[in-house]
Amino acid sequence: MTQHKHVGSSLDDLLEADGTLEQVEAEALKRVIVWQIQQAMGQTGVNKSQLAQKMHTSRTVVNRLLDEKDTGVTITTLVKAGRALGMTWTLQAGEDNGSPRAA
């Protein structure tokens, strides 16, 4: 049996060539954040309106926070949501598979 090596570029290479890599990565990260917030909301029994009250903000801000496509959420908004739900955020950075991308 012969082993077939991967031929062609990676998905990251394709997205980078297309100019959409950063947006796709941002949306993937936002989906994780939204999922975590929704889990915490479910566990604490907090709905969107209650979350907005606890965050001292509007329901519109909460809707944007929970919109997976809206990647423009601020760190301040994340901190407020976390505190309102009894969560803390941990950010960890690392190398991108040891291969820096060309700018």
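The values are calculated or read from the model by the stated rules, or taken from the named source; none is laboratory data. As the structure is a computational prediction, the values presented were derived from the model and not from experiment. No Cβ is skipped: glycine too gets one built from the backbone with ideal geometry, and neighbour counts run over all protein chains shown.
Per-structure values
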item	result
All positions within the stretch 56-77 that are in contact with a Ser or Thr (Cβ under 9 Å, 6 or more places away or on another chain) and more than 20 Å from V32 (Cβ to Cβ)	T57, R59
The one condition in (1) at pLDDT below 95; (2) loosely packed, with under 11 Cβ neighbours inside 10 Å that T60 fails to fulfil	(1)
Search result, residues across the stretch 32-47 that are loosely packed, with under 15 Cβ neighbours inside 10 Å, of a type outside the set (V, I, T) and either assigned to a helix (DSSP H, G or I) or in contact with a strand residue (DSSP E or B) (Cβ under 8 Å, 6 or more places away or on another chain) (or both)	W35, Q38, Q39, G42, Q43
Condition met for L29 (assigned to a helix (DSSP H, G or I) and surrounded by 14 or more Cβ atoms within 10 Å (Cβ to Cβ))	no
Selected residue (criterion: farthest from D96 (Cα to Cα)) from residues of the stretch 1-27 that are at pLDDT below 65 and of a type outside the set (A, V, I, L, M, F, W, C)	T2
